[in-house]
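To start, the structure under review is shown below, and the notes come after it.
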Amino acid sequence: MGKLPYGLWPSPLTPARMAAGVRLTDVAWDPSGRALVWREERSGQGVLVAAEPGAPGAAMRELTPAVSVRARVGYGGGDFGVGDGVVYFVGDDARLYRKPLQEGTARPLIPAFGSPASPTPSPDGHLVVYVHSYERRDVLAVVDAEGRAWPQVLVSGHDFYMQPAWHPSGRMLALVAWRHPSMPWDETALLLVHLDGGSGAGGRLPVATRVETLVGGEGSGMSVFQPVFSPDGRWLAYVGDEGGWGNLHLYDLEQRRVRAVWAEPAEHGRPAWVQGMRTLAWSPDSRRVFVLRSREGFGELWAYDVERRAASRLGGSDGGPLGAYTALDQIAVSPADGRIALLASSPSIPWRLVTVDADGSEGAVWRRSEAEEIPASYFSAPQPRTWRAPQGGDVHGLYYAPAHPEFRSDGPPPLIVRVHGGPTSQAEAEWSPAVAFFTSRGYAVLEVNYRGSTGYGRAYRDALKGHWGIHDVDDAISGARAMVEAGLADPGRLVIMGGSAGGYTVLRALTTHPGFFKAGICLYGVANLFTLADETHKFEERYLDSLVGPLPEASAAYRDRSPVFFADRIRDPIAIFQGDEDRVVPKNQSDAIVEVLRLRGVPHEYHVYPGEGHGWRRRETVEAFYRAVESFLRRYVVFA
């Protein structure tokens, strides 16, 4: 094995390679179970693809070659829904379309105004409900499946709606709703909507005769995630966190009461940043609920037997077809035979679309997001790490050591402390090209799940409330120190990196602890909390009420924790990256920081990418970004 300095190992994960491949975002079966439909992103283009697993050859077919599929309510998601032989999707022109799964072109069902999302066809296929946002008003709307009638509002009154689900009878709907200043992981209501009137035939649409709150709601302090009815109509499954963890619950629609299924330290839901997220699905016979469970950042597939009240893990550690995967997402079950489709990955396996039998046995791979030609020896396995916060209590993270089959170096490696966005989110043991890009070059990576992250219970997540810009910074600093003390990182070559809320932590760390890090890498980071609260999109405009405090009462905290007012303290080299069409963290946030850096002569780079928003979508942008990052680290960390 040869020797080269850390950071200079030759890696097959080149910037051009980082820009290749596709991103798999969602998957669904049609009601017959014959067709599997999924969405993939190709350099910013959303494409729907279909295959028939039971058909000879089962070749993939592109369904939307001429229209980019992308919903734009909030952060997006909920891009399509599948009926019997038909797919309904949102185009990038903000219209809802209907497209046959076989031959036939797509045609719009609604006029082009506002933003639709989560199209959900009724059991009989005559209606489509969807979330709609227009001029800051969000509603649940309905249109007939042929688009003959003008769409109508079914439910309104809350600030936000998400995850609509039909009862098998077609006479009820369940969905999640909430109001400002809550976020969907803070406090939501599980609504049951009773319908009467039209069935869609002849253009007659139903009306909501009664809307009741089954669980949660204002003052409950409870969050609800993804309601889904059992096929026999008896049960409504959902994830609720009133016990301190996001656990599976069953609402008995006959007896009108709730049964908590799991009360243990594991998460069965996700922070609902986008529409259309799923961790639950019923078996066709209504006897089992399939659940995606996350424990300390590692994903598992479980099944809960409703009658026996017993749970079992499927196809995982026992060597089944899911045994190689540590991250699972977007579960969907075939209504015909119970086959399970989901997205799966691990730190060494790029995201795949896979199916397994209902017992978790026989499996198949239907789509790979990457070519998968790079040997596993170039990928580092995550090591769960726990350290103490300065104020006491545990902090969690995942440590990745440098990995290369041909080269090594002496001494502890340089460490990149990666801070996830959100901040209500989690670094998981999943496919992360960014982590592999660094570890295969000789850098270690610590992904910090600071207090405020999900995956460790509600109390851990809520610990950041009122302390954003404090606990996240402390946990990133203490995590780096813990890795140094363990001999896993070079104290003279520590780098902090993050995007969005993680970028805010980068800026805060460089202003509050100058000289601790060798360099910083900030992607579309928050610099001014005042302007963020004033200019960000509707979904997050009251987010800071809980993270920092409501205005104007907390104005002193807003100023004290806004990096732009203390940018003159930054002395460490920093690279700042920004999209010029970012509506979540507008470009003026980065401009303000860069202006101070320029005036004070602080070593810095500023890269602005035209046409990009809150994150990179275009291949040319991704390639340019990684080239710039590699060059920056060589200049200020490897050769400094």
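Couple of notes before you dig in:
- Residue within region 291-307 that is in a loop (DSSP other than H, G, I, E, B) and over 27 Å from Val448 (Cβ atoms) present: yes
- Filter result for Gly125 (touching a strand residue (DSSP E or B) at 6+ places or on another chain (Cβ under 6 Å), at pLDDT below 95 and not in a strand (DSSP E or B)): yes
- Unmet criterion (only one of (1) within 23 Å of Gln383 (Cα to Cα); (2) modelled with pLDDT of 95 or more) for Val333: (1)
- Identity of the residue in region 468-490, in contact (Cβ under 8 Å) with a residue 40 or more places away in the chain and not in a helix (DSSP H, G or I), that ends up farthest from Leu529 (Cα to Cα): Gly487
Let's see how each residue does on (1) in a strand (DSSP E or B); (2) touching a Ser or Thr at 6+ places or on another chain (Cβ under 9 Å); (3) among the aromatic types (Phe, Trp, Tyr):
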position	(1), (2), (3)
Pro164	yes, yes, no
Ala174	yes, no, no
His180	no, no, no
Met183	no, yes, no
Asp186	no, yes, no
Leu190	yes, yes, no
His194	yes, yes, no
Glu212	yes, no, no
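- Of the strands (runs of 3 or more DSSP E) contained entirely in region 1-116, those carrying at least 2 residues that are in contact with a Pro (Cβ under 7 Å, 6 or more places away or on another chain) and modelled with pLDDT of 95 or more fall at 80-83, 86-90, 96-100.
- The numbered conditions (1) over 23 Å from Tyr456 (Cβ atoms); (2) crowded, with 17+ Cβ neighbours inside 10 Å; (3) touching a residue at least 60 places away in the same chain (Cβ under 8 Å) are all true for Ala371 except (2).
- Given (1) surrounded by fewer than 22 Cβ atoms within 10 Å (Cβ to Cβ); (2) aliphatic (A, V, I, L, M); (3) over 21 Å from the mean Cα position of the chain (by Cα), index of the condition Ala165 fails: (3)
- Considering residues of region 306-353 that are within 19 Å of the chain's Cα centre (by Cα) and free of Cβ contacts under 8 Å to residues at least 60 places away in the same chain only, the residue farthest from Ala35 (Cα to Cα): Tyr325
- Residue-level check: of (1) under 28 Å from the mean Cα position of the chain (by Cα); (2) modelled with pLDDT of 95 or more; (3) surrounded by fewer than 16 Cβ atoms within 10 Å (Cβ to Cβ), Gly611 misses just (2).
- Per-region count, region 319-373, residues assigned to a loop (DSSP other than H, G, I, E, B) and among the hydroxyl-bearing types (Ser, Thr, Tyr): 6
- Tabulated pairs, region 414-433, first within 16 Å of Ala272 (Cβ to Cβ), second basic (Lys, Arg), C-beta under 7 angstrom, 6+ apart or interchain: Thr424/Arg461
- Once region 228-253 is narrowed to residues that are within 18 Å of Gln163 (Cα to Cα) and small (Gly, Ala, Ser), the residue that is surrounded by the fewest Cβ atoms within 10 Å (Cβ to Cβ) is Gly233.
- If you go through region 558-594 and keep only what is buried (at least 17 other Cβ atoms within 10 Å of the Cβ) and either of a type in the set (Ser, Thr, Tyr) or assigned to a loop (DSSP other than H, G, I, E, B) (or both), you end up with Tyr558, Arg561, Ser562, Ile570, Asp572, Pro573, Asp582, Val584, Val585, Pro586, Ser590.
- Each residue in region 72-83 was checked for being in contact with a Ser or Thr (Cβ under 7 Å, 6 or more places away or on another chain) and closer than 15 Å to Tyr134 by Cα, and 2 pass.
- Identity of the residue in region 496-526, in contact with a Lys or Arg (Cβ under 6 Å, 6 or more places away or on another chain) and not in a helix (DSSP H, G or I), that ends up farthest from Phe625 (Cα to Cα): Pro514
- In the set Tyr378, Tyr399, only one residue is aromatic (Phe, Trp, Tyr) and within 24 Å of the chain's Cα centre (by Cα); that residue is Tyr399.
- Sole residue being surrounded by fewer than 21 Cβ atoms within 10 Å (Cβ to Cβ), of a type in the set (Gly, Ala, Ser) and in contact with a strand residue (DSSP E or B) (Cβ under 9 Å, 6 or more places away or on another chain), chosen from Gly216, Gly221, Gly197: Gly197
- Test: residue in region 406-419 that is within 19 Å of Arg295 (Cβ to Cβ) and touching a helix residue (DSSP H, G or I) at 6+ places or on another chain (Cβ under 9 Å): no
- Long-range neighbours under 7 Å by Cβ, at least six apart or interchain, first residue farther than 20 Å from Arg72 by Cα and assigned by TED's automatic domain parsing to the domain that holds His614 within region 526-542, second in a helix (DSSP H, G or I) and of a type in the set (Phe, Trp, Tyr): Val526/Tyr504; Leu529/Tyr558; Phe530/Tyr558
- Residue in region 385-398 that is of a type in the set (Asp, Glu), closer than 26 Å to Val473 by Cβ and surrounded by fewer than 22 Cβ atoms within 10 Å (Cβ to Cβ) present: yes
- Residues located in region 254-277, provided they are touching a residue at least 60 places away in the same chain (Cβ under 8 Å) and either surrounded by 15 or more Cβ atoms within 10 Å (Cβ to Cβ) or under 23 Å from Arg171 (Cβ atoms) (or both): Glu267, Arg270, Pro271, Ala272, Trp273, Val274, Gln275, Gly276, Met277
- Odd one out for Arg95 among (1) buried (at least 23 other Cβ atoms within 10 Å of the Cβ); (2) farther than 27 Å from His180 by Cβ; (3) without any contact (Cβ under 8 Å) to a residue 40 or more places away in the chain: (1)
- Condition check for Ala177: buried (at least 17 other Cβ atoms within 10 Å of the Cβ), small (Gly, Ala, Ser), modelled with pLDDT of 95 or more and within 24 Å of Trp282 (Cβ to Cβ): yes
- The residues in region 436-467 that are hydrophobic (A, V, I, L, M, F, W, C), part of a helix (DSSP H, G or I) and surrounded by fewer than 23 Cβ atoms within 10 Å (Cβ to Cβ) can be counted, and the count is 2.
Yes/no per residue for (1) over 23 Å from Arg171 (Cα atoms); (2) buried (at least 20 other Cβ atoms within 10 Å of the Cβ); (3) polar (S, T, N, Q):
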site: Val82; (1), (2), (3): no, yes, no
site: Leu101; (1), (2), (3): yes, yes, no
site: Thr105; (1), (2), (3): yes, no, yes
site: Ser115; (1), (2), (3): yes, no, yes
site: Gly125; (1), (2), (3): no, no, no
site: Val129; (1), (2), (3): no, yes, no
site: Tyr134; (1), (2), (3): yes, no, no
site: Arg137; (1), (2), (3): yes, no, no
site: Val153; (1), (2), (3): no, no, no
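- Only listed residue being touching a Phe, Trp or Tyr at 6+ places or on another chain (Cβ under 9 Å), within 20 Å of Ser11 (Cα to Cα) and in contact (Cβ under 8 Å) with a residue 12 or more places away in the chain, chosen from His404, His396: His404
The values are calculated or read from the model by the stated rules, or taken from the named source; none is laboratory data. Everything numeric here is computed off the predicted structure, so don't read it as measured data. Every residue, glycine as well, gets a Cβ built from its backbone with ideal geometry; the counts of neighbours run over all protein chains shown.
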